[in-house]
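Q: Take a look at the following structure, please.
Just so it is clear, none of the values below were taken in a lab; they were calculated from the coordinates. Keep in mind the model is a prediction, meaning the values are calculated, not measured. Neighbour counts run over all protein chains shown; Cβ positions are idealised from the backbone, glycine included.
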Amino acid sequence: MTSRFPGLGFTPPFKSYSGYLDAKNKNGTSNWKMFYWFTESKSEPEKDPLAIYYSGGPGCSGVGEAFEEMGPFYVNYGGDSLYENVYAWNAKANVLYLDSPIGVGFSYDTENHDFSFATDDQTAEQNYLALFDFFTRVAPEYATRDFYLTGSSYSGVWQPMLADLLVQSIVKGEFPNENFKGFAIGNGYLDVNDLNNALVLWDAYHGKISLSDWEEMKEICYINGVMKLWDLPEAEGIDAYMFYEECWGYQGDTAKEKKTRSKHSAMKKFKKGFERKRLFYNKPNQDPSVNTAKLLNVDSSDNEFGYPCWQYGSLSNYMNKAEVQTVFQIADDWRVKSGELREWNECSNLVNTIDQKYTHNYPTMSPFFDRIFENWKKPLKILIYNGDVDTVCNYLGDQKFVKRLAKEHDFVESDRTRWFFRGLTAGWQQRYAKNQIIIDVLTVKGAGHFVPNDRGGASVQMITAFLNQNPPNYDKTLIDPTPNPIEFEKMDKT
């Protein structure tokens, strides 16, 4: 079990654990170590389901994403301490965060610290073997628990591939936990053509394309919907992950050439409020640089006071602290590389696509869904949710993919309706059903690529309903977001 995290100003109402899972390698040896952080449910950990979380990238840390989006703790502005995320996903679920694939976050190859070979197929195999190790060696008490796969972005590739492997293995009686209940994909990379073609339509209806250009574009489309040739509008000065985000903007030609970013209006707003509140607090524990919770308004759509604008640097500072890595029980041979201390990065340059080091094998996930539907004869829930102002993995492309898939497999389509959070429209929902399988398609209004960042309350209501109800009722609030009391006169800044 992990000990108390440095700079945490309250006693968590749950236990957490961390360590390494054996993902083995193609020779069957255990030099592939996948790092995990396991947070028990705040409700009934002995009964609540298990949600396994994968980040995207490919090449970004699931554990790091927990501190940025849906995990129980956020990092204070100073990067030295933590405060509570009242909309954490472990409200009524045990959540296992994984750094996948090997080479990402704290995961590593014990024999090659520069290991960088990664493909879709290899990642699916690593994820399968790591889960096998979790249910047999690390936490055999969970081998009879209902479990789900969850994640966002490029996990829209990993989840269907892993689900396909799990279904095959469970049907053969080989996997240690047969209680696989479904998977939830947020803003997923499900089909390259669908996403690219739908983005043209998305751009047209968000003011980026003129009506004349739109008419011309429709004329040069293939009949099957694949564009012959078109240059999408440049995204200069726009955050592709959140169309209405105000955190970042380019600052002239020099910045454009260097691709550097400057903190924009939301960051200025944070700093202004930050300095103003400094003037009114004279006790050490009320300094907002130490306790960002003092700045929060949980009723605002930006209830973290610009957290997405400054979280990256703060998180990096925190995760690279020796005392934090000690609490996480990070392996000594990860910490030291070639005689020097290794630096933790949220996204690995060794594995991600920046330098084309990751091999994307499958442009569509259709074959994996096809096999799942063919082989699985038990109840299965699938949730495809999208923030509706994300242009990286847009909602139109993912919904087009699901609609085509449902039609090919004769699913019954329900009407499209609204779903609600605190009495207001949180987005729109549609259900496809056949026999014991349901696919729920949801939009989250006003959210971008990172839904829990933009709409924390709606996201935890959504995921809690999905994990705990059959069928899910996304309108029902199942959580209490009351913060835990701050306990210490002075926050620990070690």
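Q: R0 = 30 Å: FRET efficiency of D480 with A433, Cβ-based, nearest 0.05?
A: Numbers: r = 31 Å, r/R0 = 1.04.
Using R0 = 30 Å, I get an efficiency of 0.45.
Q: Another question, if that's okay. Are there chymotrypsin sites (Phe, Trp or Tyr not before Pro) in region 117-202 that DSSP marks as loop and that have at most 15 other Cβ atoms within 10 Å, and which are they? Don't skip to the end; give the middle numbers.
A: Numbers: sites: F117, Y128, F132, F134, F135, Y142, F147, Y148, Y154, W158, F180, F183, Y189, W202; in loops: F117, Y154, Y189.
Sites meeting the loop and neighbour criteria: F117.
Q: Also, quick follow-up: Around L383, which amide H atoms from residues at least 5 apart in sequence, or from another chain, sit under 5 Å from its own amide H, with H modelled in the peptide plane?
A: F183, A184, I185, D440
Q: Hey, what do the phi angles of region 371-379 turn into as Karplus ³J(HN,Hα) couplings, whole Hz, using 6.51/-1.76/1.60 and θ = phi - 60°, x for Gly and Pro?
A: Karplus values, whole Hz, x for Gly and Pro: 5, 4, 5, 6, 9, 8, 10, 10, x.
Q: Go through region 85-179 and name the trypsin sites (Lys or Arg not before Pro) that are in a DSSP coil and have 13 or fewer other Cβ atoms within 10 Å of their Cβ.
A: On the way: sites: K92, R137, R145, K172; in loops: K92, R145, K172.
Of the trypsin sites (Lys or Arg not before Pro), the ones in loops of region 85-179 whose Cβ has at most 13 other Cβ atoms within 10 Å are K172.
Q: Now a separate question. Report the gain in length on full extension from H360 to D114: 0.36 nm times residue separation, minus Cα-Cα distance, nm rounded to one decimal. Please report the intermediate quantities before stating the final value.
A: On the way: separation 246, 0.36 × 246 = 88.56 nm, distance 2.00 nm.
Roughly 86.6 nm would be gained on extension.
Q: With θ set to phi - 60° and the Karplus curve 6.51 cos²θ - 1.76 cosθ + 1.60, what are the ³J(HN,Hα) couplings of region 308-316 in order, to the nearest whole Hz, using x for Gly and Pro?
A: The phi angles translate into x, 6, 10, 5, 5, x, 5, 5, 4 Hz.
Q: To continue, here is another question. Taking H placed 1.01 Å from N in the peptide plane, check which residues at least 5 places from I52 or on another chain put their amide H under 5 Å from its amide H.
A: The list, which skips near neighbours in sequence, is L96, Y148, L149, T150.
Q: Continuing with this model, one more query. When the chain is fully extended, how far beyond the present Cα-Cα distance does D410 get from N320, taking 0.36 nm per residue of separation? Display every interim value, and only then the final one.
A: Details: separation 90, 0.36 × 90 = 32.40 nm, distance 5.07 nm.
Length gained, D410 through N320: 27.3 nm.
Q: Turning to a different aspect of this structure: Amide H neighbours of A426 under 5 Å, counting only residues 5+ apart in sequence or on other chains, H built in-plane at 1.01 Å?
A: The answer is W419, F420, F421.
Q: Related question: Using the Karplus curve 6.51 cos²θ - 1.76 cosθ + 1.60 with θ = phi - 60°, work out ³J(HN,Hα) for each residue of region 325-335 in order, rounded to whole Hz, and write x for Gly and Pro.
A: 5, 5, 4, 6, 6, 6, 4, 4, 6, 7, 5
Q: Check each of the GluC sites (Glu not before Pro) in region 78-126 and keep only those in coil by DSSP with at most 13 other C-beta atoms within 10 angstrom; list them in order.
A: Values: sites: E84, E111, E125; in loops: E111.
When the GluC sites (Glu not before Pro) of region 78-126 are filtered for loop state and at most 13 Cβ neighbours within 10 Å, E111 remain.
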